[in-house]
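The values are calculated or read from the model by the stated rules, or taken from the named source; none is laboratory data. It should be emphasised that the depicted structure is a prediction, and the values quoted were computed from it without experimental measurement. In this analysis, Cβ positions are derived from the backbone assuming ideal geometry, glycine residues included, and neighbour counts consider all displayed protein chains. Areas reflect the complete protein model, heavy atoms only, side chains present, ligands, DNA and RNA absent. Shrake-Rupley method; radii C 1.70, N 1.55, O 1.52, S 1.80 Å.
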Protein chains: 2
Amino acid sequence: MQFERKREGAMPIHENARTPISSAGLRRVIFLALAATCITTWSLSLWAKPNDAVPYPTGYRLWTHVKAALIGPQSPAFENSGGIHHIYANEKAMEGYRTGKFPDGSVIVADFLETRENAGVTTEGPRRRIDVMVKDSKRYPATGGWGFEQFKGDSQTDRMVTAENATKCFDCHAKQKDHDSVFSEFRK
Amino acid sequence: MQFERKREGAMPIHENARTPISSAGLRRVIFLALAATCITTWSLSLWAKPNDAVPYPTGYRLWTHVKAALIGPQSPAFENSGGIHHIYANEKAMEGYRTGKFPDGSVIVADFLETRENAGVTTEGPRRRIDVMVKDSKRYPATGGWGFEQFKGDSQTDRMVTAENATKCFDCHAKQKDHDSVFSEFRK
């Protein structure tokens, strides 16, 4: 019968089933498989996002606009940061702008955009990158409690700051001792 | 006695008090005085703020930043509006930017600032004025449901739009038929 033949054909696959496995042994196999999966997932997550990684500031475009500036061709910063940039702050960072001390959870974003000029009017073009500062005194004790990151263009994953760069970010920001390492001030 | 002399000297002022006034008459005098005060106050308030006056958009600096542009010396708009300007929208106006139809209560503010340039970097200077659009289809049926106003510098009371100007505002904005008379679009 066709049914029997199929059953016979399937038998070799179940050959091992003939070897009896104790309940304890089965539990050990399942445990080891789960453990291996967990370790692999954890390692991959570490590789993709280290513990001190600054998260992408989702929704920052709806945060408070702090101020703006335009970097033109005559500035030495033009090559890397030329164009218009806007500073945005979340609610906790706004407390920092008011008091001069930014609480943990403060996030500040500098949004760098290319510009276009037509008939004397300069308008906003594509995004070059965003610079992000996150205040977390436990995570970033070596850099004034601030974590630094840059995301390229519109990407939420293409990170531009290496461990070395993060120190450079802070070396410059640290000059602002009286304003908790923040350069910008809220324009009223 | 000195006291008596003072009293005598004061007497003529109270001469009229000798004429008896009925209770009904007194009430009539008080009523007329109150009515006159109310009419005067109401007239002054009308003169200072007509019924269709666009209110100052208190707190707009904390609203969502829509976009920015810079008007340079080569633009014909430079004399009146030269510098950087930012567009802000309240929550209802943000619904309009998403749907293309701005509900009543939408408020959009264009914040015009002077600029300063130093070593190729253009920064924000004093406020020139703010332009305000308020959607209220019952109040402003003749201008697409929008009320228009400008406030000079940082003033919350120095209004720059006359009835004639408001029509001019709308004549230009009306070109944006497909976007409910709004020129700007939200930059993501």
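Residue pairs whose Cβ atoms lie under 7 Å apart, sitting 6 or more positions apart in sequence or on different chains, and linking a residue in region A:97-119 that is closer than 24 Å to A:E149 by Cβ to a partner that is open to solvent by less than 10 Å² (accessible area, probe 1.4 Å) and in a loop (DSSP other than H, G, I, E, B), are A:F102/A:V182; A:V107/A:P57; A:I108/A:V182; A:V109/A:P57.
Specify the residue that is nearest to A:E79 (Cα to Cα); the eligible residues are those in region A:115-129 that are touching a Phe, Trp or Tyr at 6+ places or on another chain (Cβ under 9 Å) and more than 7 Å from chain B (Cβ to nearest Cβ). Write out each step before concluding.
The initial filter retains those residues of region A:115-129 that are touching a Phe, Trp or Tyr at 6+ places or on another chain (Cβ under 9 Å), namely A:120, A:127-129.
Adding the requirement that they be more than 7 Å from chain B (Cβ to nearest Cβ) leaves A:127-129.
Details: A:R127: 14, A:R128: 11, A:R129: 13 Å.
Only one residue tops the list, namely A:R128.
In region B:74-89, the residues that are within 7 Å of another protein chain (Cβ to nearest Cβ) and open to solvent by less than 80 Å² (accessible area, probe 1.4 Å) reach residues that are at pLDDT 95 or above and part of a loop (DSSP other than H, G, I, E, B) with C-beta atoms within less than 9 angstrom, at least six apart or across chains, in these pairs: B:S75/A:A119; B:S75/A:G120; B:S75/B:G82. Take the conditions (1) at pLDDT 95 or above; (2) surrounded by 11 or more Cβ atoms within 10 Å (Cβ to Cβ); (3) under 19 Å from the mean Cα position of the chain (by Cα); B:T64 misses just one of them, which is (3).
Yes or no: region B:112-123 includes at least one residue that is crowded, with 18+ Cβ neighbours inside 10 Å and of a type in the set (F, W, Y). Checked against the condition, which is being crowded, with 18+ Cβ neighbours inside 10 Å and of a type in the set (F, W, Y), region B:112-123 yields at least one hit. Residues considered: B:D171, B:D104, B:D178, B:D136. Of these, the only one that is more than 13 Å from chain A (Cβ to nearest Cβ), among the acidic types (D, E), within 28 Å of A:R61 (Cα to Cα) and open to solvent by 70 Å² or more (accessible area, probe 1.4 Å) is B:D178.
Of the set (1) within 23 Å of B:H65 (Cβ to Cβ); (2) under 20 Å from the mean Cα position of the chain (by Cα), all apply to A:D104 but (1). Taking residues in region A:131-148 that are under 10 Å from A:D104 (Cβ atoms), and partners anywhere that are open to solvent by 10 Å² or more (accessible area, probe 1.4 Å) and part of a helix (DSSP H, G or I), the pairs with Cβ atoms closer than 8 Å and at least 6 places apart or on different chains are A:K135/A:K92.
Quick one: in region A:156-166, of everything that is exposed (fewer than 13 other Cβ atoms within 10 Å of the Cβ) and without any contact (Cβ under 8 Å) to a residue 60 or more places away in the chain, which residue is farthest from the other protein chains (Cβ to nearest Cβ)? Result: A:A163.
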